[in-house]
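Q: Handing you a structure now.
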Amino acid sequence: MRCITITYDYDGDDMVWVATCEAFINAVGNDPAAQGFSYQVAVADNGVTRIHWGRWDSEATLKHVQSQEYFATFAARVKEFADGAPNAVVATPRDHTSNW
């Protein structure tokens with residue numbers, strides 16, 4: 001299992017951001033080959049900082065998702081929202097609670 005945390009500040013139209021994230025999450029959910037990939041987004045309490053978490057079970061799953069048009073579209077929009085490359089940290093999870 002691998003994961004990524006992405007952060008950036010965005011104070012534009014929230015409905016545009018929500019619609020973009022929902023479209024990506026729905027596309028992943030409707031892609032049978034992406035079953036090992038999960039994604040979550042949040043808005044920080046300051047109302048501006050956006051946080052994305054992604055997890056995948058294998059490099060093959062990640063490569064599949066990254067090769068899809070829905071990923072290219074979403075990545076380009078996130079870059080626009082972030083006004084450039086967002087902050088991103090890729091990691092290997094080491095431990096978690098049983099309900100994670």
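Since every read-out is calculated from the coordinates, none of them should be taken as a lab result. The structure displayed is predicted, hence computed values, not measured ones. We place every Cβ from the backbone using ideal geometry, glycine too, and count neighbours over all the protein chains shown.
Q: Tell me what the chain gives for mean residue ellipticity at 222 nm when only DSSP H runs of n ≥ 4 count, each as -39,500 (n - 2.57), the sum divided by the residue total, rounded to 500 deg cm²/dmol. Walk me through the numbers before you get to the answer.
A: On the way: 3 runs with 37 residues, N = 100.
When only DSSP H runs of four or more count, the value is -11500 deg cm²/dmol.
Q: What list of ³J(HN,Hα) values in whole Hz, one per residue of the range 84-100 in order, does the Karplus curve 6.51 cos²θ - 1.76 cosθ + 1.60 (θ = phi - 60°) give from phi, with Gly and Pro shown as x?
A: Per residue, the Karplus-derived 3J(HN,Hα) values read x, 5, x, 6, 9, 10, 9, 8, 10, x, 10, 7, 6, 6, 5, 8, 7 Hz.
Q: For the range 55-70, just list the computed ³J(HN,Hα) in residue order, Karplus coefficients 6.51, -1.76 and 1.60, θ = phi - 60°, integers in Hz, with x standing in for Gly and Pro.
A: Once θ is set to phi - 60°, the couplings for the range 55-70 become 9, 9, 8, 7, 5, 4, 5, 4, 4, 4, 4, 5, 8, 8, 4, 4 Hz.
Q: Next question, about the same structure. Could you work out how far the C-alpha centroid of the range 73-96 sits from that of the range 5-65, in angstrom?
A: For the range 73-96 versus the range 5-65, the Cα centre distance is 9 Å.
Q: So, with +1 on the Cβ of K and R and -1 on the Cβ of D and E, and no other charges, what is the size of the charge dipole of the range 2-91 about its Cα centre, to the nearest 20 debye?
A: Computed about the Cα centre, the dipole is about 360 debye.
Q: If a/c stays under 1.5 just call it rounded; otherwise compare a/b with b/c (prolate if a/b is bigger, oblate if not). Do that for the chain, with a ≥ b ≥ c from the square roots of the Cα gyration tensor eigenvalues.
A: Since a/c reaches 1.5 but b/c is at least a/b, the shape of the chain is classed as oblate.
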